[in-house]
Amino acid sequence: QVQLVESGGGLVQAGGSLRLSCQASGSDLTNHTMAWHRQSPGKERELVARMTSVGMKVYADSVNGRFTISRDKAKNTVTLQMNSLKPEDTAVYYCSAGKTKRGRYVPDGYWGQGIQVTVSS
C-alpha cells in the first residue's frame, strides 16, 4: 500500500521561500506522475504542479515561474520549491501519485495527509 507524507510547511512572509517534500513508501512510483495540490478553506482543490515519469513539468498559471517541482526517483520523493510566495498561496498542500493520460493528470488515489503553508503580508 502506497503512503505519501508531506513535510516542510510553515509560516513565511510574502516574498519568502519554502520547500515542501513528499516521501513515498510502500511502492516504487518511478513510473507514476507525481503532483502537488493545494486547498484553501471553502475552495476546490487546485492542481499546482505535476511531473511525469519522464520529466515533463506542468504548472498552474498561478504559480508558474515561482514554483518548481522536482523528484528523486531513487529516494522515492518529490519536492516543491516555492519562491516569491504570496498570501494567495496560503493553503494546505498535498502530494499525490497518478498518471498523465491524454495530457491530463489522473490521480491513482494516493494522497498525502496535507501540510499547511501560510504566507503573511
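The values are calculated or read from the model by the stated rules, or taken from the named source; none is laboratory data. All of these numbers come straight from a predicted model, not from anything done at the bench. Using ideal geometry, Cβ is built from the backbone for each residue, glycine included, and neighbour counts are taken over all protein chains shown. All accessible areas refer to the heavy atoms of the entire protein, side chains included, with ligands and DNA or RNA removed. Shrake-Rupley method; radii C 1.70, N 1.55, O 1.52, S 1.80 Å.
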### Task
Those residues that are modelled with pLDDT of 95 or more and basic (Lys, Arg), I need them from the range 72-98; list them, please.
86
### Task
Report, by residue number, each residue of the range 4-30 that is open to solvent by 90 Å² or more (accessible area, probe 1.4 Å) and either closer than 17 Å to residue 85 by Cα or modelled with pLDDT of 95 or more (or both).
11, 13, 19
### Message
So, in the range 65-91, how many residues would count as being within 20 Å of residue 116 (Cα to Cα), open to solvent by 10 Å² or more (accessible area, probe 1.4 Å) and outside any strand (DSSP E or B)?
### Response
7
### Message
With the requirement that a residue be assigned to a loop (DSSP other than H, G, I, E, B), open to solvent by 40 Å² or more (accessible area, probe 1.4 Å) and over 19 Å from residue 102 (Cα atoms), what does the range 31-55 give you?
### Response
41, 42, 43, 44, 45
### Message
Just to be sure I understand the filter: pairs with C-beta atoms under 7 Å, separated by 6 or more residues or on different chains, first member in the range 40-58 and over 20 Å from residue 19 (Cα atoms), second member part of a strand (DSSP E or B) and open to solvent by less than 30 Å² (accessible area, probe 1.4 Å). Which pairs pass?
### Response
53/33
### Task
Give me a count of the residues in the range 15-30 that are polar (S, T, N, Q), in contact with a strand residue (DSSP E or B) (Cβ under 7 Å, 6 or more places away or on another chain) and either more than 13 Å from residue 2 (Cβ to Cβ) or not in a strand (DSSP E or B) (or both).
2
### Query
Within the group 65, 112, which residue is on the phi > 0 side of the Ramachandran plot and not polar (S, T, N, Q)?
65
### Query
So which of 68, 118 is under 13 Å from the mean Cα position of the chain (by Cα) and under 18 Å from residue 21 (Cα atoms)?
68
### Query
Just checking, how many residues over the range 92-121 are part of a loop (DSSP other than H, G, I, E, B) and either open to solvent by 30 Å² or more (accessible area, probe 1.4 Å) or without any contact (Cβ under 8 Å) to a residue 60 or more places away in the chain (or both)?
4
